[in-house]
Amino acid sequence: MERDAVRIQKLFAAQLSATDRATYDTARRTEGGAALGDVRKAGVPDALTTLFEAPYSLGPSMLATVLAGHTTDAVDALFRKPPTNESSFLTPETLVDGSKFRSVPLPALHAGEHAKGGADNLGAFSLYLMLASRLDPGDALTVADGWGGDAERIVRKSGTTCYRVALVGRTDPASGAIRDALTQWSATMPAGATTVGHQGKTTILTACDQGAATPDPPLATATFYGLALAANRDSFLAALLGQGVGVVPADCIANRTVRDPAFAPVLAASVADPTATPDPSRVAAVRQREAQITVDCSGVR
């Protein structure tokens, strides 16, 4: 519902006069900055703030992807049968390309362990933020795009609390990419804090509470940068689909564009101020690169 509310909000704002729109944008920047300052003062981690912000930032592109080539009946259908996982807004083409997800059994308890609480799911977006905090965000996004399902649980052993999740990709290569990325992520953690194993094509990550011994993520602003990267990518994707570009080439163009060096200044500016108007010269440079990227992606199937 948040996603559709933001879509309607943007439609309303687009109809404002230039003066009213300027007032509206100024108020959004001021109030948004103040709100972020308040939650940081309260000690709320940026990762948690980003998780709450994701449906508002990524939702409009998700709906635009569904609407491409369809009527608003397609949005109504999402209310009747809502998406069931985070890939719907992280990788919105999964709503239109026939992607299938998998049911993953809960990871097993080991000797001396007992479960704490019930079963849950990590999800594609949470996997993305976790990987992006310690790995290249662009690579993390590619890996999370291939998420196919997971199951997680909290376990206790000898007074230590651990988190364990079993994950698969939608394809065998995607499953392998998730395993490789989690192995790289695990290598940045204190010795013995995490283990990465597998059962067949299912990767199993166990991460145990190390208290103050756990180092802060090396990419301090990765959560906000990661959200901006995904939001811009998905915005490109939705626009291309709306222009009649096929799902596969549109995905190729959108991903390559946001990872192109020409886009880096635009992305950095959007992280600093999501409501700011991009510099025209930088936009022109991106469009020039996008034209070549479109040619390069034209043969992708």
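Please find, among 135, 182, 127, 205, the residue that is out of contact with any Asp or Glu (no Cβ under 8 Å at 6 or more places or on another chain), crowded, with 19+ Cβ neighbours inside 10 Å and part of a helix (DSSP H, G or I).
Values: 135 fails: part of a helix (DSSP H, G or I); 127 fails: out of contact with any Asp or Glu (no Cβ under 8 Å at 6 or more places or on another chain); 205 fails: part of a helix (DSSP H, G or I).
From the options 135, 182, 127, 205, the qualifying one is 182.
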*May I ask you to list the residues in the range 63-93 that are among the aliphatic types (A, V, I, L, M) and touching a Pro at 6+ places or on another chain (Cβ under 9 Å)?*
63, 64, 66
*Any chance the range 105-120 includes a residue that's surrounded by fewer than 16 Cβ atoms within 10 Å (Cβ to Cβ), touching a residue at least 60 places away in the same chain (Cβ under 8 Å), in a loop (DSSP other than H, G, I, E, B) and not hydrophobic (A, V, I, L, M, F, W, C)?*
yes
*asked:* Restricting to the range 79-123, name every residue that is of a type in the set (Ser, Thr, Tyr) and touching a helix residue (DSSP H, G or I) at 6+ places or on another chain (Cβ under 7 Å).
replied: 87, 88, 91, 94
*Quick one: how many residues across the range 138-149 are hydrophobic (A, V, I, L, M, F, W, C) and either over 10 Å from the mean Cα position of the chain (by Cα) or assigned to a loop (DSSP other than H, G, I, E, B) (or both)?*
2
*Would you say residue 226 is at pLDDT 95 or above and within 20 Å of the chain's Cα centre (by Cα)?*
no
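Kindly establish whether residue 32 is modelled with pLDDT under 65, over 18 Å from residue 238 (Cβ atoms) and either assigned by TED's automatic domain parsing to the domain that holds residue 141 or surrounded by fewer than 11 Cβ atoms within 10 Å (Cβ to Cβ) (or both).
Working: modelled with pLDDT under 65: yes; over 18 Å from residue 238 (Cβ atoms): yes; either assigned by TED's automatic domain parsing to the domain that holds residue 141 or surrounded by fewer than 11 Cβ atoms within 10 Å (Cβ to Cβ) (or both): no.
No; evaluated as a whole, the condition is false for this residue.
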*Sort through 284, 291, 250, 268 and tell me the only one that's in a helix (DSSP H, G or I), within 18 Å of residue 139 (Cα to Cα) and assigned by TED's automatic domain parsing to the domain that holds residue 65.*
268
_Every residue in the range 52-100 that is β-branched (Val, Ile, Thr), at pLDDT 90 or above and not in a helix (DSSP H, G or I), please._
91
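The values are calculated or read from the model by the stated rules, or taken from the named source; none is laboratory data. Everything quoted here is computed from the prediction, not taken from an experiment. Heads up, the Cβs are rebuilt from the backbone with ideal geometry, glycines too, and the neighbour counts pull from every protein chain shown.
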